[in-house]
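The structure under discussion appears below in the form of structure tokens.
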Amino acid sequence: MVSSILSLAVFGSALLQPVLSAPALELPTFERPTPVERRQVPNEVEVIDTLITEAAIDISQVLAASNIISELSMIVPTATPTNVEQALSVLAAAYASATPNNFVDAAALIIENSLNPTNVPDTLQALNVFGGINNDNNPSNPAPSFPSTIYPKKLPCDAPYSVSEAELRRQIFIPSSFTYGAKPPVILFPGTGGRGGQNFQGNFEVLLADVDYADLVWVNPTAFLLADAQYNSELAAYAINYISSISKGMNVSIIAWSQGNMNIHWANKFWPSTRSILSNHIAISPDYHGTTQEYLIDPEEKFAYSPAVKQQAYNSNYVKSLRSFGGDSAYVPTTNIYSGSYDEIVEPQQNANASAILLDARNVGVTNAQVQLVCGADSPAGLFQTHESMLGNSLTVALAMDALQHGGPGLVSRIDLTSVCQNPIAAGLSFENFLMNEQAIVIAALGVLSLFEATVVEPAISAYALTSPTVCATSTATTLRTKTTKTQSTKTKTTKTTTAKTTATKTSAASSTTKKATTSPQTTPAPTTTTTAGGLLGITIGLPGISLSIGL
């Protein structure tokens, strides 16, 4: 089924012939001219011809993506699980026979096994719903108050924003229950292809709704976190400073999934003002080193992708810049929780080489918790956990709550592992919530397919990120924070597949070996990005004095 879905990428080209009949516009491959080649084009006519040729590439991609979505829509479920245990058993069996290594594969398996709570057309329609908890246009959000100025910079050493304050602020969703400082604020930040309302409706929006130690808000990126990851990081930086400002200057915590964690780490690095007011960064399935499976759709990389997808390649320029100049260590108290066995999106994600791991050179407090090492690979909590199922995993929630209540990072030693590890999902979550968490990967796949700005080159690294970040004297991460000093460790768990002792400490990262995570090389500037805005039903190409729109 999955192979036939991916093969449709070749298929859309045949449909282009009636649209592109001119000989000069013979259907090209997906390889575009490099920026250098474009600058060498000798005259304006050839420039226009090149750009129109690129339009043909994008039209072909939109057709291929549309065909893939149609194929996903036609999958007939073959299983009918009625509880979490049955669903995990069914999904584990499916992975055993055909382990997915991209969004489309994973989405197909979830749909085929009745784990998508709505059908594909309804799920796709949800991507176009701008109201309710997924509203990305909130112009009535109040102005910052303490301090009143956080834009264009809160501190002189902060990086510059590339868009207006109004654009950044409107993408923050503040529910009516928000207390503006009566309770500690907690920001929910989504992953690739998602919005905060969607990604967290089956987990933390349920579990933290009525507690006295968390006051939820979330970020709903208009572009579903598919835009340039540097822009996504601006959303994170602004949200941290803004929510603190409207909460009487209180420290905030942030919980993120997948790519969102890279964006937060980037924000902490290049917006030092965020460090002293961020009590906790709770990271679920993070990929600070990117992933070797960055193609996400087509392993032959014939598919152009959204900028943020390109930037999550294992050694992308974004990743190199993120990890350079000490960026492989945390800037704030950080709790990383991830699965090393069945993460279908991020690889490597095991032991000391896991992309999820951060070091602690700044002595701020870091816990790196691979669920199979903490709970055991044969425990209910660790037996079968995927990139998305970690959103509601019992260890994820236990460590997150521990961090929020103690100031972070979450410590394994404070958790009742006997109880926590015997449950695949957190207490308080239902089967319906479990399905919502599984749907996150379907939403991500549909988002990548239908809401992209297609590009075959990675966006250029911003000038501010090409050198070591400037540090303000008043922005150190320890100025306003009480730090944990006691080292905590778990008991050793012996299983059929692994033996590990996980240590949570403010000075070292937990790992099953003594091997140190390697630091990345220095930043290499990326080539200039060429992007064309594309959507599921149409594509528009803008030229000087020319507007070409083609509906599909």
Note to self: Going by amide H atoms built from the backbone, whose H comes under 5 Å of the H on Gly290, apart from near neighbours?
What the structure shows: none
Next item on the list: With a/c under 1.5 counting as rounded, go ahead and sort the range 75-216 into rounded, prolate or oblate using the C-alpha gyration tensor (a ≥ b ≥ c being the square roots of the eigenvalues; past the cut-off, prolate if a/b is larger than b/c, else oblate).
Entry: prolate
Item checked: Overall dimensions of the range 295-422 by Cα: Rg and Dmax, Å -> 15.9, 48
Notebook entry, point to check: What whole-number value in Å² describes the accessible area per residue of the range 320-385 for a 1.4 Å probe?
Noted result: 20 Å²
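Of the listed peptides 436-443, 316-323, what is their order by residue-averaged count of other C-beta atoms within 10 Å, with the highest listed first? Provide the component values of the computation, followed by the final result.
On the way: 436-443: 26.2, 316-323: 24.0.
Most protected by this proxy first, the peptides run 436-443, 316-323.
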Notebook entry, point to check: How many Å² of accessible area per residue for the range 61-146, probe 1.4 Å?
Noted result: 43 Å²
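Run the numbers for Asp378 and Ala361: contour at 0.36 nm per residue of separation, minus the present Cα-Cα distance, in nm.
Working: separation 17, 0.36 × 17 = 6.12 nm, distance 3.29 nm.
Full-extension gain reported as 2.8 nm.
Can you send over the carbon and sulfur percentage of the accessible area for the range 336-429, probe radius 1.4 Å, protein chains only?
Numbers: 1120 of 2340 Å².
C and S fraction of accessible area: 48 percent.
Which of the peptides 80-86, 325-331 is most tightly packed, and how do the rest follow, going by the mean number of other Cβ atoms within 10 Å of each residue?
On the way: 80-86: 13.7, 325-331: 21.4.
Highest to lowest by the protection proxy: 325-331, 80-86.
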Check: Looking at the square roots a ≥ b ≥ c of the eigenvalues of the Cα gyration tensor of the range 347-423, which shape do they give, rounded for a/c under 1.5, prolate if a/b is larger than b/c, or oblate?
Finding: oblate
Check: What part of the accessible area of the range 120-258, given as a whole %, is carbon or sulfur when the probe is 1.4 angstrom?
Finding: 56 percent
Margin query: Show me, for the range 355-360, the HN-Hα J-couplings you get by feeding each phi into the Karplus relation (A = 6.51, B = -1.76, C = 1.60, θ = phi - 60°), rounded to Hz, glycine and proline as x.
Written below: 5, 7, 7, 10, 8, 9
Next item on the list: Starting from the Cα-Cα distance between Thr470 and Ala79, subtract it from 0.36 nm times their residue separation and give me the gain in nm to one decimal.
Entry: 135.3 nm
Check: What's the Kirkwood radius of the range 203-286 in Å, using all Cα pairs?
Finding: 13.2 Å
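Can you tell me which of 344-356, 173-185 comes out highest on packing, and rank the rest after it, using the mean Cβ neighbours within 10 Å? List each step's numbers first, then the result.
On the way: 344-356: 21.6, 173-185: 15.8.
Order by mean packing, descending: 344-356, 173-185.
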Next item on the list: Give, in nm to one decimal, the length gained when the segment between Ser148 and Tyr314 is fully stretched (0.36 nm per residue of separation minus the Cα-Cα distance).
Entry: 55.8 nm
Item checked: Solvent-accessible ranking of Ser164, Ser306, largest area first, probe 1.4 Å -> Ser164, Ser306
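The values are calculated or read from the model by the stated rules, or taken from the named source; none is laboratory data. All values reported here derive from a predicted model rather than from experimental measurement. Cβ coordinates were reconstructed from backbone atoms using ideal geometry, including for glycine residues, and neighbour counts include every protein chain displayed. Only protein heavy atoms, including side chains, enter the accessible area calculation; ligands, DNA and RNA are left aside. Shrake-Rupley method; radii C 1.70, N 1.55, O 1.52, S 1.80 Å.
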